[in-house]
Amino acid sequence: MTGRAVAADLSVSLVGDADRAAWDAFLASAPEGDPLQSWAWGDAVALMGERPIRLAVRDRTDSIVGIVQVLARPTRFGRQVLYAPHGPVWRRDGPEAGGVLACLLAGLRDLGRAERAIVVKMDPRADLPHRRVGSLPGGGGPEAWAASQASDDPVGMALLAADLRRARRD
């Protein structure tokens with residue numbers, strides 16, 4: 001997977017060891033940054049058989065503005081489960097937040113296809129409307145799930161725009 005422009009002046013691509021310092025610096029500066037998205041965490045779980053795959057979104061100045069570390073878990077028949085623990089990470093209050101998220105989702109979608117994944121599971125840290133206490137009417141049934149895709153949920157809206165869906169249960 002090479003650099004792919006999804007939004008104006010933004011591109012997503014695989015990153016390697018040369019990007020480690022910039023990756024960790026971005027993660028440390030992001031309010032939603034999490035140790036499970038750190039380069040060191042990916043290296044640690046690699047010792048247990050889960051291959052880390054890292055994508056970064058860069059802006060026109062080549063600065064990292066969004067990241068996601070995916071752990072590839074092998075399954076049977078040459079397929080994989082891709083899991084992004086507490087990721088992706090991007091600056092949700094930045095002027096390009098929607099475009100960065102769109103790039104990350106497009107990158108994850110392309111990666112899932114390239115890796116023959118049966119599922120790409122992401123787990124971004126955020127205060128999403130469907131996770132707020134008491135926000136799921138009817139105890140979390142299909143209507144509640146559909147309501148979680150509402151316009152006050154930017155992640156849910158970005159998933160819909162990318163023709164992806166949020167898991168009904170987790």
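In table form, for the structure just shown:
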| quantity | calculated |
| --- | --- |
| Residues of the range 23-35 classified as within 18 Å of D123 (Cβ to Cβ) and either touching a strand residue (DSSP E or B) at 6+ places or on another chain (Cβ under 8 Å) or among the basic types (K, R) (or both), total | 5 |
| Sole exception among (1) at pLDDT 95 or above; (2) on the phi > 0 side of the Ramachandran plot for G78, by number | (1) |
| Subset of the range 103-127 (residues that are over 14 Å from L55 (Cα atoms) and either among the β-branched types (V, I, T) or in a helix (DSSP H, G or I) (or both)) | R113, I118, V119 |
| Single condition A21 does not satisfy, out of (1) modelled with pLDDT of 95 or more; (2) surrounded by fewer than 18 Cβ atoms within 10 Å (Cβ to Cβ); (3) within 24 Å of R73 (Cα to Cα); (4) aliphatic (A, V, I, L, M) | (3) |
| Among residues of the range 24-33, those that are assigned to a loop (DSSP other than H, G, I, E, B) and at pLDDT 95 or above, counted | 0 |
| So G94, is it surrounded by fewer than 16 Cβ atoms within 10 Å (Cβ to Cβ) and not in a strand (DSSP E or B) | yes |
| Residue satisfying condition, being surrounded by 15 or more Cβ atoms within 10 Å (Cβ to Cβ) and at pLDDT 90 or above, within set A114, A147, A84, A162 | A84 |
| Subset of the range 34-71 [of a type outside the set (S, T, Y), open to solvent by 20 Å² or more (accessible area, probe 1.4 Å), within 24 Å of D93 (Cα to Cα) and not in a strand (DSSP E or B)] | P35, L36, D59, R60, D62 |
| Selection from the range 6-18 of residues that are open to solvent by 50 Å² or more (accessible area, probe 1.4 Å) and aliphatic (A, V, I, L, M) | V6, A8, L14, A18 |
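The values are calculated or read from the model by the stated rules, or taken from the named source; none is laboratory data. Just so we're clear, the structure is a prediction, and the values are computed from it rather than from any experiment. Here the Cβ is made from the backbone with ideal geometry for all residues, glycine too, and neighbour counts use every protein chain on show. The protein model used for the area step is the full one, side chains on, heavy atoms only, and it has no ligands, DNA or RNA in it. Shrake-Rupley method; radii C 1.70, N 1.55, O 1.52, S 1.80 Å.
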